[in-house]
Amino acid sequence: MSPLLLIRWDGIIVLIEYVVPVEQEKADIQATPALGQSTLVAGTVSAADTTAVVPSTSEESESQQPAQELADVETAEPQPDNAPEPDESGFLPAVKNGELPNPMRIFLIENAGSHEEVFGALIYAFAQIPNSYIYQYLFRPRFNIFAILKSFNLKNLAKPRFSVSMKLDEQEPQPDIILATTCEFDVTRLQPQMTEMLGNGSYLFCTIHHADRWHNESSYKYYNAIKPWIEAKRVTFLFLSGHTKRYVEETVVPSWEPKHRSAASKFEVFVPVFPVEPSAKEEMSFSLQGNYESVRRDYKSIFERFSAFAQNNPDKPQFQQLRMHLIGHGNHPEVPEVIRDRVEFNEGLEFLEFYKILSESFALLPAFASDEYYDRKASSSVPASLIAGVPIVGKRRLLETYDYMTEDSMWIQGDEEDDMAVIGRILEMSEQDIEDQKTRTRKRNREIIDENIAKALSWARMIEYRQNRTGQEPLKEGWTWEW
């Protein structure tokens with residue numbers, strides 16, 4: 001019997017029988033240059049020959065300047081007389097038996113030049129919707145994320161186009177669903193196109209990254225840009241973790257106009273994970289991710305403890321073989337000569353190499369830049385640990401904050417333990433116990449992926465999309481589907 005998933009969305013309870021898709025044979029991936037920036041070639045995004053850089057946490061990659069003042073955004077145009085009639089929630093009743101009778105056009109937009117891991121997860125989940133077609137509009141895809149997308153072996157994913165050149169005309173398909181990867185930038189920088197798509201009946205999934213910038217009084221004006229979508233009942237807000245969702249519910253929504261506060265009923269959590277083949281190589285190593293700044297870590301103390309492991313345990317091979325991967329960027333901290341051959345700085349990584357190195361380690365030590373990653377921001381290190389199948393080290397505060405994690409998919413740090421004490425404790429475990437913990441981490445990643453797919457399927461079945469357009473516009477003409 002296939003697994004059942006119970007989903008509550010906007011007051012509607014849906015019971016879905018979900019069949020986990022069989023893993024498709026992985027396509028051969030040709031190595032391509034890292035994408036430091038992109039150029040527009042014949043209407044598509046192509047890789048420029050640039051030096052690769054390490055995938056950074058999402059919080060480090062965006063401009064911190066407020067958006068310019070927005071012009072007034074028009075509200076949605078009335079629907080045609082022959083359009084299906086939604087109920088008061090703005091949705092059509094679920095289609096019988098969960099079938100989608102018409103093709104579904106999905107626009108994936110990322111207009112900030114960041115958050116590749118997020119649109120990778122959105123693509124993987126929504127591409128599983130039967131009879132769906134995904135069109136990509138990207139601003140500056142980096143770190144050869146295309147190798148990840150190609151590894152999904154999807155036949156319904158079009159080759160990306162440059163987001164700034166996005167035009168909507170009779171020759172282009174009008175979207176039923178818009179996946180705004182970085183909603184803050186997507187709804188402001190592409191305001192004319194977004195207004196037109198709203199008028200054409202599209203439905204928006206708005207992914208929030210900066211929860212504290214959606215206040216009514218915020219100078220960023222994101223709330224102003226999203227108002228027409230709320231009033232048209234055509235937006236669901238996606239949060240990358242439950243704690244950022246709670247922050248907006250408790251801190252931001254009360255600042256909104258009373259007529260808009262009901263939009264909180266369409267707040268959903270979508271964890272940005274996808275499948276990646278782990279490395280076949282196993283080594284006794286742990287990884288530290290993040291900026292090499294000494295203000296984030298006491299590297300002197302870490303290196304001293306690392307040296308002491310080998311000196312104090314001469315008869316234990318796991319301590320003698322231990323290696324450390326510093327995955328990040330910035331000025332290198334000075335490494336003592338005695339351990340220099342066992343400390344590796346990993347920079348210039350593409351996504352596949354990044355996850356490969358992580359998957360070879362038995363633990364990941366994150367470096368949160370501030371306490372904001374425990375209330376209003378979502379760290380990319382936590383989902384990265386799931387994707388790579390390497391348990392992250394964290395106190396119970398991390399487990400409680402990122403509540404999609406489980407005790408057996410991470411290493412719980414004691415209240416009195418520092419990072420290196422946890423590493424020392426893990427080294428005393430058997431190799432089988434360590435491998436079992438990594439296996440459980442990979443299992444948790446697969447569970448969340450399946451949950452994401454089931455959510456996407458349920459949302460697609462309930463969303464009103466313009467059935468009167470079906471068959472009137474080309475689905476594949478003008479786009480490249482074999483790439």
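What percent do you get for the relative contact order of region 349-473 when only Cα pairs under 8 Å and 6+ apart count? Display every interim value, and only then the final one.
On the way: 108 pairs, mean separation 30.1, N = 125.
That works out to 24 percent.
I need Trp411, Trp256 ordered by Cβ neighbour count within 10 Å, fewest first.
Values: Trp411 25, Trp256 20.
Lowest count first: Trp256, Trp411.
Here is the result for region 349-395: no chymotrypsin sites (Phe, Trp or Tyr not before Pro) lie in DSSP coil with at most 14 other C-beta atoms within 10 angstrom of their C-beta.
Taking 1 over the mean of 1/r across every pair of different Cα atoms in region 309-453, what Kirkwood radius in Å do you get? Write out the running numbers ahead of the final one.
Details: mean 1/r = 0.0608 Å⁻¹.
For region 309-453, the Kirkwood estimate is 16.4 Å.
Counting beta carbons within 10 Å around each of Val338, Val271, Val390 and listing the fewest first gives the order Val338, Val271, Val390.
Length gained on full extension, Asp315 to Asp418: 34.6 nm, using 0.36 nm per residue less the C-alpha separation. Counting 0.36 nm for each residue step from Ala280 to Glu196 and taking away their Cα separation leaves a gain of 25.4 nm.
Rg of the Cα atoms in region 286-393, relative to 2.2 N^0.38 Å, amounts to 1.10.
A dipole drawn for region 285-442 from +1 and -1 charges on Cβ atoms has a positive end, and of Val393, Leu364, Phe351 the residue lying farthest that way is Phe351. Among the listed pairs Lys245/Lys455; Lys245/Lys443; Lys356/Lys438; Lys281/Lys438, those with a Cα-Cα distance over 20 Å are Lys245/Lys443.
Arranged by the count of other C-beta atoms within 10 angstrom, fewest first, what order do Arg297, Arg140, Arg425 take?
Working: Arg297 18, Arg140 21, Arg425 13.
Ascending Cβ contact count within 10 Å gives the list Arg425, Arg297, Arg140.
Annotation for region 120-160: trypsin sites (Lys or Arg not before Pro) lying in DSSP loop with at most 12 further Cβ atoms inside 10 Å of their Cβ are Lys155. Other residues with beta-carbon under 12 Å from the beta-carbon of Ile339 carry, at +1 per Lys or Arg and -1 per Asp or Glu, a net charge of -1. Applying the criteria of a DSSP loop state and at most 12 other Cβ atoms within 10 Å to the GluC sites (Glu not before Pro) of region 179-267 yields Glu217.
Other residues with beta-carbon under 15 Å from the beta-carbon of Ile448 carry, at +1 per Lys or Arg and -1 per Asp or Glu, a net charge of -1.
Where a number appears in this text, it was derived from the coordinates with a stated rule and is not lab data. Quick caveat: nothing in here was measured; it's all calculated off a predicted structure. Counting neighbours? That spans all protein chains shown, and the Cβs are built from the backbone with ideal geometry, glycine included.
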